[in-house]
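> Structure in structure tokens, see below.
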Amino acid sequence: MNDFGVEEAGGRPAREVDVVVVGAGQAGLSAAYHLRRTGFAPDRDFVVLDHAPRPGGAWQFRWPSLTYGKVHGMHALPGKELTGADPGRPSSEVVGGYFADYEDTFDLRVHRPVDVRAVREGEGGRLLVETSEGDYATRALINATGTWDRPFWPRYPGQETFRGRQLHTAQYPGPESFAGLRVIVVGGGASGTQHLMEIAEVAAGTTWVTRREPVWREGPFGEAEGRTAVALVEERVRRGLPPRSVVSVTGLPLTDAVRAARERGVLDRRPMFDRITPTGVAWDDGRTADADVILWATGFRPAIDHLAPLRLREPGGGIRVEGTRAVRDPRVHLVGYGPSASTIGANRAGRAAVAGIRELLRSPQSSRQPVAVR
């Protein structure tokens, strides 16, 4: 046993804390900020663990051609605005620098790179968080791991026979890598359309394929529309179904660039192909499309495998959440999950999770008295 408390998991010392925050993207930093301002001390009462090599969350991995001026809906973190950013700079640099400054300003002391391997039941009513820097015995967990680490790759007959290159949007290097090539872009979300419009400028030819007919959104997207979209996603997580992204229910905005691309035929969508061939793709009606590259802009899934030992999943495949609290275990809060997966939703979820945890730690059933909170 060390100075921090207990021994767990085969005799290894586990450091006792009140809260472990897993992930230091928008949602994780928001939660850490609210923990800090309500009286929890970093590295004493709570820790923030992040597996990324540097600040910036998933933004640090965005492709270079996604400049800050092209970003839709980047919402400032609580307590500190992002001002004076050059719209021509890569968003990875702008947001990464902003997150780094935010961590320093509020002294959040993020531990990185740290891999969280598993969260399981510990002793004395605590959760045991097993990580690459040692174990933590915590009274509550805020999971803010997002989706970037779990790109979704669909499987289609013949996929292994394709002689060209296949990559996911998570690996997208920018349009220059596709110069002179025939490219099939699969996916009807914002990333797919952005990639397609960029690639079409340099490629020998492009084909756009989606499972469903794209839904284009005309006019402004206000607060009422946003609440409706969030409610649709929230209903799924209340039922224990895997969440859809907020963006998936809002439709694609009809910007001037999108209108121009539609007029040029770049956004001429085809239905999903039935199989992949060595030289491209094919439909059962006899149509084919040759390709050198298939780019899968098919989205991401929540990165929650480390929570598997807690058995939080419902029969529908998702984790049932009320607000941010996992219904099967009130010690676990999920932020950046389902309805809080947008940047503004992540901020609100961080605040809500901390409020819920403060209430939990005050309860008589909690393993020991909480830290003093203001």
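> Among the residues of segment 91-106, are any in a loop (DSSP other than H, G, I, E, B), modelled with pLDDT of 95 or more and surrounded by 14 or more Cβ atoms within 10 Å (Cβ to Cβ)? Spell out the reasoning first.
Narrowing segment 91-106 to residues in a loop (DSSP other than H, G, I, E, B): 106.
Checking which are modelled with pLDDT of 95 or more leaves us with 106.
With surrounded by 14 or more Cβ atoms within 10 Å (Cβ to Cβ) added as a condition, the list becomes 106.
Looking through segment 91-106, at least one residue is in a loop (DSSP other than H, G, I, E, B), modelled with pLDDT of 95 or more and surrounded by 14 or more Cβ atoms within 10 Å (Cβ to Cβ).
> So for segment 23-44 (the condition being within 26 Å of residue 118 (Cβ to Cβ), part of a strand (DSSP E or B), in contact with a His (Cβ under 6 Å, 6 or more places away or on another chain) and modelled with pLDDT of 85 or more), does at least one residue qualify?
The answer is no, given that none of the residues of segment 23-44 is within 26 Å of residue 118 (Cβ to Cβ), part of a strand (DSSP E or B), in contact with a His (Cβ under 6 Å, 6 or more places away or on another chain) and modelled with pLDDT of 85 or more.
> I'd like to verify a number: residues in segment 158-189 that are at positive phi and not in a loop (DSSP other than H, G, I, E, B), how many? Don't jump to the end; show me each part of the working.
We begin by selecting, within segment 158-189, every residue at positive phi; these are 158, 174, 180, 187.
Add one more test, that the residue is not in a loop (DSSP other than H, G, I, E, B), and what stays is none.
Matching residues across segment 158-189 total 0.
> Taking segment 305-341 on its own, how many of its residues are assigned to a loop (DSSP other than H, G, I, E, B), surrounded by 21 or more Cβ atoms within 10 Å (Cβ to Cβ) and not polar (S, T, N, Q)? Don't jump to the end; show me each part of the working.
Here is the first cut: in segment 305-341, the residues assigned to a loop (DSSP other than H, G, I, E, B) are 311-312, 314-318, 320, 323-324, 327-328, 335-337, 341.
Applying the additional criterion that residues be surrounded by 21 or more Cβ atoms within 10 Å (Cβ to Cβ) yields 312, 318, 324, 335-337, 341.
With the extra rule that they be not polar (S, T, N, Q), the set shrinks to 312, 318, 335-337, 341.
Residues that pass the stated criteria total 6.
> For segment 261-298, which residues satisfy the criterion of being touching a helix residue (DSSP H, G or I) at 6+ places or on another chain (Cβ under 6 Å) and not hydrophobic (A, V, I, L, M, F, W, C)?
Result: 278, single match.
> Mind listing just one residue for me: the one in segment 45-87 that is surrounded by fewer than 16 Cβ atoms within 10 Å (Cβ to Cβ) and at positive phi and, of those, modelled with the highest pLDDT?
Only one residue tops the list, namely 79.
> Somewhere in segment 114-123, is a residue closer than 20 Å to residue 348 by Cα, in contact (Cβ under 8 Å) with a residue 12 or more places away in the chain, within 22 Å of the chain's Cα centre (by Cα) and not in a strand (DSSP E or B)? Spell out the reasoning first.
First, the residues of segment 114-123 that are closer than 20 Å to residue 348 by Cα: none.
Among the residues of segment 114-123, not one is closer than 20 Å to residue 348 by Cα, in contact (Cβ under 8 Å) with a residue 12 or more places away in the chain, within 22 Å of the chain's Cα centre (by Cα) and not in a strand (DSSP E or B), which makes the answer no.
> Would you confirm whether or not segment 37-56 contains a residue that is more than 19 Å from residue 144 (Cβ to Cβ) and touching a strand residue (DSSP E or B) at 6+ places or on another chain (Cβ under 6 Å)?
Among the residues of segment 37-56, not one is more than 19 Å from residue 144 (Cβ to Cβ) and touching a strand residue (DSSP E or B) at 6+ places or on another chain (Cβ under 6 Å), which makes the answer no.
The values are calculated or read from the model by the stated rules, or taken from the named source; none is laboratory data. Predicted model, so just to flag it, every value in this text is computed and none were measured. With ideal geometry, Cβ positions are generated from the backbone for all residues, glycine too; neighbour counts draw on all protein chains shown.
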